[in-house]
Amino acid sequence: MTGFAQRFIQEGIQQGLQQGMERGLEAERRLLLLMAKMRFGAATATRSAPLLERILDREALELLGDASPDSADAAAWLAAVAQTAESGS
């Protein structure tokens, strides 16, 4: 296989992996927004959305999913999301 073909294939694989990761993060965010809406109402979910968009780490999103049921109220949930977004995770 030529160097060009190998590079082309490798770039395609990398692009596919990146797209898959982005879709996975988006699915995590949608699930968290649904959980927030069900637990705290639509307004809280709306306020959570831009904060969740800033979180690029799947593990951090998963930890927020664990924190959701433990959040005492909407303010506690929003604080947890904001703190995670601020930490750059």
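The values are calculated or read from the model by the stated rules, or taken from the named source; none is laboratory data. Computed from a prediction, not measured in an experiment: that's the story for all the values here. Note: ideal-geometry Cβ built from the backbone for every residue, glycine included; neighbour counts use all protein chains shown.
Among Leu64, Leu56, which is the only one that is buried (at least 17 other Cβ atoms within 10 Å of the Cβ), within 16 Å of Ser87 (Cβ to Cβ) and not β-branched (Val, Ile, Thr)? Quick ask: steps written out before the conclusion?
On the way: Leu56 fails: buried (at least 17 other Cβ atoms within 10 Å of the Cβ).
Testing whether each residue is buried (at least 17 other Cβ atoms within 10 Å of the Cβ), within 16 Å of Ser87 (Cβ to Cβ) and not β-branched (Val, Ile, Thr) leaves just Leu64.
How about segment 40-70: which of its residues are part of a helix (DSSP H, G or I) and more than 13 Å from the chain's Cα centre (by Cα)?
Selection gives Phe40, Ala42, Ala43, Thr44, Ala45, Thr46, Arg47, Asp66, Ala67, Ser68, Pro69, Asp70.
Rundown of residues vs (1) at pLDDT 85 or above; (2) out of contact with any Asp or Glu (no Cβ under 9 Å at 6 or more places or on another chain); (3) surrounded by fewer than 17 Cβ atoms within 10 Å (Cβ to Cβ), yes/no style:
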| site | (1), (2), (3) |
| --- | --- |
| Arg7 | no, yes, yes |
| Gln19 | no, yes, yes |
| Ala27 | yes, yes, yes |
| Met35 | yes, yes, no |
| Ala45 | yes, yes, no |
| Ser48 | yes, yes, no |
| Ser89 | no, no, yes |
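Does Thr84 satisfy being in a helix (DSSP H, G or I), at pLDDT 95 or above and at negative phi?
No, not satisfied.
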